[in-house]
Amino acid sequence: MKLLPRSSFGQTVLLIGFLLFINQIVYYIFIAIYVIEPSSKQMDQLLAKQVRVVFIDINDAKLSPEMAKAFHNETGIGVYREEDAYKFGLANASFYPYRSEQMSELLGGKAEVRISQGDEYLFWIRAPQAPRLWVKIPLSGMEKGDFNLIIFFMVVIGLLSVMGGWLFVRQLNRPLKSLQIAAEDVGRGDFPEPLVERGTSEIMAVTQAFNHMSKGIKQLEDDRNLLMAGISHDLRTPLTRIRLASEMMQDQDAFLKEGIETDIDDMNNIIDQFIDYLRHDSKDKAELGDLNVLVEEVLNVETPNERLITFHPGHCDKIPLRHVAVRRALANLVQNAIRYTTEEIEVFTGMEKNYAFFIVSDRGAGIPEADIERLFQPFTQGDMARGTEGSGLGLAIIKRIVDTHGGNVVLSNKPEGGLQAKVCLPLKF
């Protein structure tokens, strides 16, 4: 499972969040080096000076009671023997090795620093000048809540920045989503209205190019359909005249007449295949329908009297169907199976994941694996085992219909012999 997002939107938001996280770390390090550490050193220097002042009148480690009382009354600084210090809060104080090392350097000997927090923020210092005495120095404005406020401020700024980046990227990607939907519509043969050109200059340029491309493809499609309609009309007229002329031929030319009529039928079928390939059934709107009912309708029409086609209906919910197009695709598959095999033909339906499917299975000779993908190309036919009649548009028509419907078609040879065509149609169109 991949943890990193694949979309441009997710990657951009992740990048913004990562850069912001690095920025916050750098900011915290900067504050620690250039603000907190210098302030801490200045505080240690002031504390050391106060301790030195307390012990100015020290003599053989004996404290002047008058000096201690005066300092306590004026500054709140107290000097206690160790047993008394424990009574006044030393027992609840925590030892700070780093501050103890700093204080030792400032006082010129081994010192110990402990800090307790209650109603007041208290520094307890045992100086080398009087190892048996503890100096209690109260300080205000150093509550832990101040540091928590800085952390809270950094977290809030980070969240607001990520949310702002998310909104910005979402707004930036919205035109790209419209482009994606429009491109999928064009791929299915539906040409939407020109997209509104909005967003950054680069996205506006891409949108403008897409609109131009879509317009060109639609014009090309219209010209091709018009050309094919003209060719169809122009060909059918002389074919009709040839058929009428053949009807007037003498009986002794019956064999020639039969050949001409067969050729005319083949040419009409080829023309019909060209028309089917070019049609998108754009007027055939998708409607909820029962796939099993549609298959039964096609089989009732396409099954010859002398052939056996077995239908195995599976459970299928109603799905959006372009009935005319799907019916044509299924009919083509059944006709191919009838044309290229004399054995029993089976048709299956069912559902899997997000698709409903139907399968047309025969027991013919199959096709080479290397030719399977090639057969979906227009004007391509299989090998001699599958026959050589027709224009080579049958499977191309089926794939075009299924792609337009948002599904997929797969050909495969069965292990026991024969060919199977599986068409999957989405449950939601």
- Query: Just wondering, is there one or more residues in the stretch 88-98 that are touching a Lys or Arg at 6+ places or on another chain (Cβ under 7 Å), aliphatic (A, V, I, L, M) and at pLDDT 75 or above?
  - Reply: yes
- Is it true that Gly158 is touching a Phe, Trp or Tyr at 6+ places or on another chain (Cβ under 9 Å) and modelled with pLDDT under 80? yes
- Message: Out of the residues in the stretch 83-131 meeting the condition of being in a helix (DSSP H, G or I) and of a type in the set (Lys, Arg), tell me which one is surrounded by the most Cβ atoms within 10 Å (Cβ to Cβ).
- Response: Arg99
- Matching residues in the stretch 348-374 - criterion: being more than 19 Å from Lys318 (Cβ to Cβ) and either crowded, with 18+ Cβ neighbours inside 10 Å or in contact with a Pro (Cβ under 8 Å, 6 or more places away or on another chain) (or both): Ile359, Val360, Ser361, Asp362, Gly364, Gly366, Ile367
- Message: Can you tell me which of (1) surrounded by 14 or more Cβ atoms within 10 Å (Cβ to Cβ); (2) not in a helix (DSSP H, G or I) is the one Leu172 doesn't meet?
- Response: (2)
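For the stretch 255-267, give me each residue that is modelled with pLDDT of 75 or more and either within 19 Å of Asp234 (Cα to Cα) or surrounded by fewer than 13 Cβ atoms within 10 Å (Cβ to Cβ) (or both).
Residues satisfying the conditions are Leu256, Glu258, Gly259, Ile260, Glu261, Thr262, Asp263, Ile264, Asp265, Met267.
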- Only residues that are of a type in the set (A, V, I, L, M, F, W, C), surrounded by 12 or more Cβ atoms within 10 Å (Cβ to Cβ) and not in a helix (DSSP H, G or I): list them for the stretch 191-214, please. Phe191, Leu195
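For the stretch 295-353, which strands (runs of 3 or more DSSP E) that fit wholly inside it have 1 or more residues that are closer than 21 Å to Gly366 by Cβ and in the same structural domain as Glu416 (by TED's automatic domain parsing)?
On the way: elements: 309-312, 319-321, 345-352.
Per the criteria, 309-312, 345-352.
The values are calculated or read from the model by the stated rules, or taken from the named source; none is laboratory data. Since we're looking at a predicted model, the values are computed, not measured. So basically every Cβ, Gly included, is an ideal-geometry build from the backbone, and we count neighbours across all protein chains shown.
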